[in-house]
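K.L.:
The structure under discussion is supplied below as structure tokens; questions concerning it will follow.
The values are calculated or read from the model by the stated rules, or taken from the named source; none is laboratory data. As the structure is a prediction and not an experimental result, all values here were calculated from the model. All Cβ positions, glycine included, derive from the backbone under ideal geometry; neighbour counts span all protein chains shown. These area figures cover heavy atoms from the full protein model, side chains too; ligands, DNA and RNA do not enter into them. Shrake-Rupley method; radii C 1.70, N 1.55, O 1.52, S 1.80 Å.
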Amino acid sequence: MSATKAFDELSSIDASNVVRCARALLRRPLLREGAPDGDLLPMIYRQRAALHEVFSSLLGYRLVVERRFARLYKAGPGADATRGEPGLTPRGYAYLALTLATLTGIGRQVLLSRLVIDVRAAAVEAGVPVVDDPADRRALTAALRHLVALGVISETEGTVTATDSTAEALITIDTDLLGQLPAGPIGTSAGPAELVESAAQAGPRSVEHVVRRRLVEDPVVLYADLPAEQREWLLKNFGVESRLLERFFGLVTEVRSEGVVVSDPEDYLTDTLFPGTGTVARVALLALPRLLECGEPRESDGRHPVTWDDLTEVCGELIESYPAAWSRQATEEPAELVRSVADLLRRLGVLRGEAADGTATTGEDHGELTWWLSPAAHRWLPEPDATPVPGREPEPAPAPEPPGLSLFDDLEEDGSR
């Protein structure tokens with residue numbers, strides 16, 4: 001019997017609607033009224049049986065669908081720090097967890113000042129040091145703004161801001177969404193490390209689910225990054241998986257000697273568009289071909305070695321060669337630009353830092369890490385629009401053409417004016 005019987009029995013129109021809804025839930029696991037793609041909630045509610053079946057059987061994900069929201073409980077990323085919320089620092093994440101714990105017993109409305117006091121009290125109780133300085137206020141504000149964006153809290157009166165510590169606001173809590181937000185087994189985990197590990201565990205069909213999740217969530221899956229059992233399963237079932245991912249999620253797969261590339265032709269299922277239009281994205285794109293020339297690929301996985309000095313040098317050459325092409329901040333703060341380029345490439349999975357023991361890390365001491373470029377970097381081999389030629393004289397402008405007759409000029413009988 002097919003694991004997707006309900007989907008198989010749908011008409012072609014309903015099946016395409018289920019695929020559209022599944023893609024929306026993969027992109028926005030907490031979907032609510034008034035949010036982006038919130039207009040799909042009625043369709044998701046109508047097709048909830050087929051969607052439950054698709055996510056449960058194919059990915060081992062749990063789906064909760066109500067009339068005013070839908071929540072897809074995806075697996076956690078584990079220790080992969082590149083999949084976090086860009087606006088939240090480690091301290092911001094700590095405040096996010098503390099705020100969720102505080103909101104569970106605070107009622108439906110609370111003043112911002114009261115909430116801040118309770119969150120900081122919870123921090124002290126949890127052993128988290130609290131310093132009332134601008135950085136601390138920005139971290140707490142980022143956590144609150146993230147909850148506002150998710151719809152868990154709303155600003156009934158006033159605004160949550162980090163610029164004015166005396167500003168007041170009335171906060172309303174959506175208790176239904178609050179209860180749906182945590183995805184990991186909080187009550188049974190002994191600590192943060194166990195919670196992260198438990199949230200990333202595979203589904204009932206361990207190998208099948210964990211590999212398929214990797215294909216859906218990661219644009220590049222290298223064979224060398226998979227355990228032997230998972231690698232063998234993927235090599236054996238790639239043809240079936242390729243058709244399955246296209247049929248249910250609209251994804252296109254390509255197989256390479258080093259691994260599998262999964263792309264979305266519509267560029268919808270991604271949280272980071274690349275190539276991009278900003279200075280950091282364009283510098284990163286132009287830097288890749290030069291960085292690939294810095295060292296020979298590693299035999300085990302095809303990754304190319306680069307150093308932090310290589311990255312600094314290549315970015316510096318691009319800034320110096322095309323000074324008018326970049327933002328003013330990039331030219332004035334080159335070290336910050338290098339860090340931003342490295343961070344973007346890490347979030348894309350193209351650049352990875354390894355500690356001395358070979359484990360992937362996102363440590364801040366860049367010079368102490370060994371950096372590796374993924375073989376996927378070969379997909380982008382751009383060329384600048386122009387080649388800088390120092391000292392070249394500009395070509396003279398062409399001579400203007402003589403003016404012709406105007407429609408409003410009077411003509412004599414012989415055709416002259």
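K.L.:
Is there a residue in the stretch 97-108 that is out of contact with any Asp or Glu (no Cβ under 9 Å at 6 or more places or on another chain) and of a type in the set (D, E, K, R)?
P.N.:
No, every residue in the stretch 97-108 fails to be out of contact with any Asp or Glu (no Cβ under 9 Å at 6 or more places or on another chain) and of a type in the set (D, E, K, R).
K.L.:
For the stretch 103-120, state whether one or more residues are within 24 Å of TYR73 (Cβ to Cβ) and among the basic types (Lys, Arg).
P.N.:
No, every residue in the stretch 103-120 fails to be within 24 Å of TYR73 (Cβ to Cβ) and among the basic types (Lys, Arg).
K.L.:
Counting only residues that are under 13 Å from ARG247 (Cα atoms) and among the basic types (Lys, Arg), give me the helices (runs of 4 or more DSSP H) lying completely in the stretch 1-51 with at least 2 of them.
P.N.:
Per the criteria, 12-27.
K.L.:
Look through VAL255, VAL262, VAL207 and report the one residue that is open to solvent by 50 Å² or more (accessible area, probe 1.4 Å), at pLDDT below 95 and β-branched (Val, Ile, Thr).
P.N.:
Among VAL255, VAL262, VAL207, only VAL255 is open to solvent by 50 Å² or more (accessible area, probe 1.4 Å), at pLDDT below 95 and β-branched (Val, Ile, Thr).
Quick grid of which residues meet (1) under 28 Å from the mean Cα position of the chain (by Cα); (2) of a type in the set (Ser, Thr, Tyr); (3) under 30 Å from PRO36 (Cα atoms); (4) part of a strand (DSSP E or B):
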| residue | (1), (2), (3), (4) |
| --- | --- |
| THR99 | yes, yes, yes, no |
| GLY105 | no, no, yes, no |
| LEU115 | no, no, yes, no |
| VAL124 | no, no, no, no |
| VAL131 | no, no, no, no |
| THR159 | yes, yes, yes, no |
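K.L.:
Could you identify the single residue in PRO86, PRO77 that is within 19 Å of LEU195 (Cα to Cα), at pLDDT below 95 and surrounded by fewer than 16 Cβ atoms within 10 Å (Cβ to Cβ)?
P.N.:
None of the other options fit; the residue is PRO77.
K.L.:
Here is a follow-up. Is the stretch 67-89 home to any residue that is part of a helix (DSSP H, G or I) and more than 24 Å from GLU266 (Cα to Cα)?
P.N.:
yes
K.L.:
Now, a different point. Within the group ALA193, ALA228, which residue is modelled with pLDDT of 90 or more, over 22 Å from THR270 (Cβ atoms) and small (Gly, Ala, Ser)?
P.N.:
ALA228
K.L.:
From the list LEU344, LEU291, which residue is of a type in the set (A, V, I, L, M, F, W, C), in a helix (DSSP H, G or I) and closer than 12 Å to SER374 by Cα?
P.N.:
The conditions single out LEU291.
K.L.:
Check the stretch 183-191 and report whether any residue there is closer than 26 Å to VAL54 by Cα and small (Gly, Ala, Ser).
P.N.:
yes
K.L.:
Taking the stretch 272-288 only, how many residues are free of Cβ contacts under 8 Å to residues at least 60 places away in the same chain and either part of a loop (DSSP other than H, G, I, E, B) or of a type in the set (Ser, Thr, Tyr) (or both)? Outline the logic, then answer.
P.N.:
Filtering the stretch 272-288 down to residues free of Cβ contacts under 8 Å to residues at least 60 places away in the same chain leaves 273, 276-279, 282-283, 287.
Remaining after also requiring either part of a loop (DSSP other than H, G, I, E, B) or of a type in the set (Ser, Thr, Tyr) (or both): 273, 276-279.
Summing the residues that are free of Cβ contacts under 8 Å to residues at least 60 places away in the same chain and either part of a loop (DSSP other than H, G, I, E, B) or of a type in the set (Ser, Thr, Tyr) (or both) in the stretch 272-288 gives 5.
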